[in-house]
1. List the relative contact order of segment 261-325 as a percent without decimals, with contacts defined as Cα pairs under 8 Å and 6+ residues apart.
2. Along the Cα-to-C-beta direction of residue 267, a point sits 7 Å from the Cα; which residues of segment 198-228 have their amide N less than 12 Å from that point?
3. Find how much the distance from residue 338 to residue 35 grows on full extension, using 0.36 nm per residue of separation minus their present alpha carbon separation; answer in nm with one decimal.
4. Determine which residues of segment 50-89 fall in the zone a paramagnetic label at residue 5 would reach in this model, i.e. backbone nitrogen under 19 Å from the point 7 Å along Cα→Cβ.
5. Ratio of segment 226-285's C-alpha Rg to 2.2 N^0.38 Å, to two decimals?
6. How far apart, in nm, are the 7 Å Cα→Cβ label points at residue 123 and residue 326?
7. Specify whether the C-alpha gyration tensor of segment 267-339 places it in the rounded, prolate or oblate class, a ≥ b ≥ c being the square roots of the eigenvalues: rounded for a/c under 1.5, otherwise prolate if a/b is larger than b/c and oblate if not.
8. Could you please rank 244, 121, placing first whichever residue has the fewest other Cβ atoms within 10 Å of its Cβ?
Ligand SMILES: Nc1ncnc2c1ncn2[C@@H]1O[C@H](COP(=O)(O)O)[C@@H](OP(=O)(O)O)[C@H]1O
Ligand SMILES: [Mg+2]
Ligand SMILES: [Mg+2]
Ligand SMILES: [Mg+2]
């Protein structure tokens, strides 16, 4: 089955959302940032990006069967304190949609924006098709002026069949910054600029010597156990220091061979969400990489909004995976026996 139509719509949606995010990151106001109930930050760009992606997908595709699992919801924007923020989001969404000739004819009202955001309340699951969106992945990186991604995947019968990843701050070449990665199941992974240069096919590294490998992890120590990654890297013989960057830009970078390994070990009790991995997973898998939990099980995106994992997520190429899994198991055992 081909998902060409869905892929074209997804690339459009994510590119437009990236335009909105870039505009906000350039001139970020204190008033644009809020705290969610779990204390994590959210900005007008997270909401705006979600509204734009949702709006474009629904315009381009059959909106009757549309299902979207997305990170943000409009709860806080519907409160009295959210009024000003909502106004600002509406303006951003309308400017962004108008900047693309095809969508600008009927401006969105506040209610339209809220509805577009809330169309992301689907629970996903094992049957039918569901879009999976992280409107800004790496909000903390976004706020620092660092890496972030707009990550959109499509599930069909519980499997990820499309992954589109916009990384506005990731270098494309020596001259150009901003990458769009995309993959369709069975079709490989491609990278192009955010303004649609000719796509090139990308592949993970074919390195088989861990001593030459470098590894990615979260910039934020709160998101991943840096000590554990160091232990694993040491066991494996990795010499280079960790490369710490925010967001699924790590999956994008890995898919083109920038690094060889990505290690992610959340603190105890944290549950990973599907929108933090769906698009990145396919981008790496179609580029020849392997993504699994710490026990070597494939990720299961069919269980609803969360991923059920053993300990963490590890990513590398096929040659390095056996040695990596061994180092991970040994390190986890050591950690458990030292407690
Ligand atoms: N305590 C925690 N442990 C692990 N991941 C966390 C976390 N708190 C937030 N996250 C997730 O980590 C994501 C960012 O990943 P990274 O560290 O690779 O940049 C966040 O995505 P958002 O920025 O979309 O909220 C969020 O979903
Ligand atoms: Mg968030
Ligand atoms: Mg995220
Ligand atoms: Mg997010």
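The numbers here are math on the coordinates, done by the rules we state, and not lab data. Remember, it's a predicted structure, so these values are computed and weren't measured experimentally. Positions of Cβ are backbone-derived with ideal geometry, glycine not excepted, and every protein chain shown enters the neighbour counts.
1. Over segment 261-325, the number comes to 43 percent.
2. The answer is 221-226, whose backbone nitrogens lie closer than 12 Å to the label point.
3. That pair, residue 338 and residue 35, stretches by 105.5 nm at full extension.
4. In segment 50-89, the label zone of residue 5 (backbone N under 19 Å from the point 7 Å along Cα→Cβ) covers 54-68.
5. 1.19
6. 4.3
7. oblate
8. Ascending Cβ contact count within 10 Å gives the list 121, 244.
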